[in-house]
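**Student:** Before I ask anything, let me first share the structure, which is written out below as structure tokens.
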Amino acid sequence: FIGWEKVDDQQYWIVIEKQLDDGQGNYYERWDQHFIEKRIPFIIEGTATVKIRGTIIHCSGDCVYPIQFDCTDLTGKTIQECGCIDNDPRSDICKPPIGNVYLYVRSDGNDLENCNSTNPCKTLNADFISNNINIPYIYQVYIMDSSSINYKAEITQTFSERIYGPLANESTTVRNLLIETEGQFDVKGKILFNYINFVVYATSLSNGQHTIQGLLSTSQISLQNCQYHMASCGISIGKSLVCMLKGGTQTITNLTVSDITSVENIIKAEFDESGTLDISNSQFERVTKTSNSVIGGTTKVILSYASNQVSISNSQFKVCKALYTQGGAIFVELKNPDAQITLTQTIFDQCESQSGGGIYSQLLDGELNIDSTTFDTCTVTQPGNGGALSLYQQTANSAISITNSQFKDCKTLSGSSSIYGWGGGIFLFTSISSNALSSSNLLMIDLVFNGCYSVIGGHNIHIRSPNTKETGLAISSNNLLTVNGTTNLYISLSYIS
């Protein structure tokens, strides 16, 4: 960025871009750096404050002329002045390391250094960090106080995981990592983040742009003791914290996500190859997803492969909202008979969406298990169903098990339609014929309801099917539904619908 000007009532940003070739396939030499000036028109009505990030180039004269450095002698030249070449004598900055690498970054560091404890770099953009990211040795980056990234780091190394976190005997205080507009980690190998607070700038929704993105079924992503926040309030972000597009192995432990407004899911797992996701001891608080173009709320899970498994345990989703789609906290779609998602000892508190305030699930196949889990004050508004759970069981190859779980003050509320809003606690639609229903494909036992309400009917549970009466008789005769403390389950007005 080099400036601004106004010509004939039109305002322009003035930028220069580096040219790699002359436009006819002839590439410039490393030391012969050419730039071309461009003007970008814009309109500002009234007043505005604009923050611009990037390299500021100070020019004396016309910046469109080539800026050249004499690189015949590389002594004392930086990488920015003269790029690395084969047999480069500047071994401190250009020779790939042989052996394990432990790199240091600090807010007052210098990206032209070699990133050791004495001379730390400033950002993860530093050449010594980015150029060596896939060396076949142990690779660890220690953020001494805070740092940032503003490029796509591509991790392909599978020899050992790329580690971002404290070294042995270093402080385990959480360190800020600012994710700027272009900052992300594309993972085809292995990566581990430990004690990192990801702080994300406002971004628009864009395919392929996420903070951490797993690209293969062999990708391994691990987050331990991490946090996720926005850089400032009053903005909205358009990228997930973790997005898994194929499969792989993802482990998330002791993650804290809070005060997020986003047009994307925080965790997105769309598996069509071998893959697992394990979330444990994690907290998601005050997360609002505002778009209607991305389905689901805080977490979105689509499992299409036989070995796909998702486990969520000992975690909490509090005030998680999907304002214009289903599944305030979690959206689940299972497409393979052997795919499975299991939730245990997890709390859903004050979550809301268009349908399924806590969880919305489409089971084309696969297995949904919920055990020892609490839904408290979760809501949907008509035309949505299921204040806490909205479940659609489409085939006999799918199975639903909900055991030892509590539903408190969950509600469907009056809205734009008067013909929906069933199931204050649970809404279930099953396509399984009544003579095929059994404990192997539908089991809801040892449930507790307290204060749930539906604007239409089924304050606690509403079950529908192509033949609802026969389905109800099959559930009753096979003892597929039990509610603690309720002896008149099938005649109580709270359940009879």
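The values are calculated or read from the model by the stated rules, or taken from the named source; none is laboratory data. None of these values were measured; they are calculated from a predicted model. Note: ideal-geometry Cβ built from the backbone for every residue, glycine included; neighbour counts use all protein chains shown. The protein model used for the area step is the full one, side chains on, heavy atoms only, and it has no ligands, DNA or RNA in it. Shrake-Rupley method; radii C 1.70, N 1.55, O 1.52, S 1.80 Å.
**Student:** Can you give me the three principal axis dimensions of the chain from its C-alpha atoms, in Å, biggest first?
**Tutor:** Largest to smallest, the principal-axis extents are 91, 60, 44 Å.
**Student:** May I pose another question? For the chain, what is the charge dipole size about the Cα centre, in debye to the nearest 20, if Lys and Arg each add +1 at the Cβ and Asp and Glu each add -1 at the Cβ? Don't skip to the end; give the middle numbers.
**Tutor:** Details: 30 positive and 46 negative charges, 315 e Å.
Computed about the Cα centre, the dipole is about 1520 debye.
**Student:** Counting only heavy atoms of protein chains, what accessible area per residue, in Å², does the chain have with a probe of 1.4 Å?
**Tutor:** Heavy-atom accessible area per residue stands at 45 Å².
**Student:** Okay, moving on. In whole angstrom, how far apart do the alpha carbon centroids of the stretch 123-157 and the stretch 164-183 sit?
**Tutor:** Spelled out, the Cα-based centre of one part sits 11 Å from the other.
**Student:** If you take the square roots of the eigenvalues of the alpha-carbon gyration tensor of the stretch 395-437 and sort them as a ≥ b ≥ c, do you get rounded (a/c under 1.5), prolate (a/b over b/c) or oblate? Mind showing how you got there, number by number?
**Tutor:** Details: a/c = 3.75, a/b = 1.48, b/c = 2.53.
Oblate, because a/c is 1.5 or more while a/b does not exceed b/c.
**Student:** Heavy atoms of the protein only, probe of 1.4 Å, neighbouring chains included. What is the accessible area of residue 203 in Å², nearest 10?
**Tutor:** Ignoring ligands and nucleic acids, residue 203 comes out at about 20 Å².
**Student:** Return the equivalent ellipsoid semi-axes of the stretch 115-170 as a descending list in whole Å, where each equals the square root of 5 times an eigenvalue of the C-alpha gyration tensor. Kindly include the intermediate steps, with their values, before the conclusion.
**Tutor:** On the way: eigenvalues 62, 44, 20 Å².
Computed over the stretch 115-170, the values are 18, 15, 10 Å.
**Student:** Which whole number in µm²/s is D for the stretch 265-495 by Stokes-Einstein, with the Kirkwood Rh taken over Cα pairs at 10 °C and 1.306 mPa s? Mind dumping the intermediate values first?
**Tutor:** Values: Rh = 17.0 Å.
Translational diffusion coefficient: 93 µm²/s.
**Student:** Apply the Karplus curve 6.51 cos²θ - 1.76 cosθ + 1.60, θ = phi - 60°, to the phi angles in the stretch 165-170 and return the couplings in whole Hz, x for Gly and Pro.
**Tutor:** x, x, 6, 4, 6, 8
**Student:** Taking the highest mean first, how do the peptides 337-346, 102-111, 2-11, 381-390 order by number of other beta carbon atoms within 10 angstrom per residue?
**Tutor:** 381-390, 337-346, 102-111, 2-11
**Student:** With θ taken as phi - 60° and the coefficients 6.51, -1.76 and 1.60, list the Karplus ³J(HN,Hα) couplings across the stretch 336-353 in order, rounded to whole Hz; mark glycine and proline as x.
**Tutor:** Per residue, the Karplus-derived 3J(HN,Hα) values read 10, x, 9, 6, 8, 10, 10, 10, 9, 6, 10, 10, 10, 10, 6, 8, 8, 6 Hz.
**Student:** Leaving ligands and nucleic acids out of the surface, order 444, 144 by accessible area at 1.4 Å, largest first. Walk me through the numbers before you get to the answer.
**Tutor:** Details: 444 0, 144 50 Å².
Heavy-atom accessible area, descending, gives 144, 444.
**Student:** With runs of 4+ DSSP H residues as the only contributors, calculate the mean residue ellipticity of the chain at 222 nm using -39,500 (n - 2.57) per run, divided by the residue total and rounded to the nearest 500.
**Tutor:** Values: 3 runs with 18 residues, N = 497.
The per-residue figure over the chain is -1000 deg cm²/dmol.
**Student:** Here's another thing I want to ask about it. Any idea which of 385, 308, 463 is furthest toward the positive side of the dipole for the stretch 265-495, if Lys and Arg beta-carbons carry +1 and Asp and Glu beta-carbons -1?
**Tutor:** 385
**Student:** Just need the relative contact order of the stretch 269-401 here, percent rounded to a whole number, with Cα pairs under 8 Å and 6+ apart. Don't jump to the answer; show the numbers that get you there.
**Tutor:** Working: 453 pairs, mean separation 29.0, N = 133.
The value is 22 percent.
**Student:** Which pairs in the list 152/335; 188/239; 268/408; 122/188; 321/469 are over 23 Å apart, alpha-carbon to alpha-carbon?
**Tutor:** Table pairs above 23 Å Cα-Cα are 152/335; 268/408; 122/188; 321/469.
**Student:** I would also like to ask the following. What residues have an amide H closer than 5 Å to that of residue 150, excluding those fewer than 5 places away on the same chain, when H is modeled at 1.01 Å from N in the peptide plane?
**Tutor:** Answer set, sorted by chain and number: 125.
**Student:** Hey, if you drop one equal point scatterer on each alpha-carbon of the stretch 243-351 and run the Debye formula without solvent, what base-10 log of I(q)/I(0) do you get at q = 0.14, 0.19, 0.21 Å⁻¹?
**Tutor:** Normalising to I(0) and taking log10 leaves -0.50, -0.92, -1.11.
**Student:** Rounding to the nearest 10 and keeping the result within 0 to 90°, find how far the Cα-based axis of helix 468-477 lies from the longest principal axis of the chain.
**Tutor:** Taking the Cα atoms of the chain, the angle to 468-477 is about 80 degrees.
**Student:** Taking θ as phi - 60°, what are the ³J(HN,Hα) couplings along the stretch 153-163 by the Karplus curve (6.51, -1.76, 1.60), each to the nearest whole Hz, with x for Gly and Pro?
**Tutor:** 8, 9, 9, 10, 6, 10, 4, 8, 5, 7, 10
**Student:** A further question follows. First select every other residue whose beta carbon is under 9 angstrom from the beta carbon of residue 339; then total the charges, Lys and Arg +1, Asp and Glu -1. Intermediate results must be reported in sequence, preceding the final value.
**Tutor:** On the way: positive: 335; negative: 338, 365, 367.
Computed value for this residue: -2.
**Student:** Stretched out fully, how many nm does the piece from residue 293 to residue 36 gain, at 0.36 nm a residue minus the Cα gap?
**Tutor:** Details: separation 257, 0.36 × 257 = 92.52 nm, distance 3.81 nm.
Extending this stretch completely gives an extra 88.7 nm.
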